[in-house]
Amino acid sequence: MSVKYPLPELYFDNSCGLCRAEIRHLEPRLRNKMTLVDISASHFTGAHGVDTLTMMQRIHVWDGERFHIGLDGTLFYWREAGFGWLTAILGWRGIKPMAGWAYETWAQRRAERKGYCSVGTR
């Protein structure tokens, strides 16, 4: 298998239990496909012109040229992890708006839950 460099970068909040569990589960599938970056690390100050607080609010994937944010970011790294069938379904014209709404609702609630994830304390 050939590895393309530079690898896309997945920015995730390791201080969030749900985020951490998902990335821990997917990490073997993403190895040699993506660089995983913990945005909750004390030394992290942002990337590619986007600050940490903004990155805490939605998942961000940098493909080397631009960011894929929110549901689009999730679909990007799920595709890389080998879930193309799931990303295809979630990308359907009639389903993607509902999936996007569900993601945005979850992200907003995550941001409001102080103590659960660091986004509420930054």
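See the values below:
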item	result
Among residues of the range 5-39, those that are assigned to a loop (DSSP other than H, G, I, E, B) and within 19 Å of TRP62 (Cβ to Cβ), counted	11
Every residue from the range 94-117 that is part of a helix (DSSP H, G or I) and among the small types (Gly, Ala, Ser)	ALA99, GLY100, ALA102, ALA107, ALA111
Residue list for the range 40-67, filter: assigned to a strand (DSSP E or B) and surrounded by 17 or more Cβ atoms within 10 Å (Cβ to Cβ)	HIS60, VAL61, TRP62, PHE67
Positions within the range 68-115 being surrounded by 13 or more Cβ atoms within 10 Å (Cβ to Cβ), of a type in the set (Val, Ile, Thr) and out of contact with any His (no Cβ under 9 Å at 6 or more places or on another chain), in sequence order	THR87
Looking only at the range 31-57, and only at residues there that are aliphatic (A, V, I, L, M) and within 13 Å of the chain's Cα centre (by Cα), the one that is nearest to GLN108 (Cα to Cα)	MET56
Hits in the range 78-93 - residues which are more than 18 Å from GLU27 (Cβ to Cβ) and in a loop (DSSP other than H, G, I, E, B)	GLY91, TRP92, ARG93
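Readers should treat all values here as calculations from the given coordinates under stated rules, not as data from a laboratory. Just so it is clear, the model here is predicted, and its values are computed rather than measured. Every residue, glycine as well, gets a Cβ built from its backbone with ideal geometry; the counts of neighbours run over all protein chains shown.
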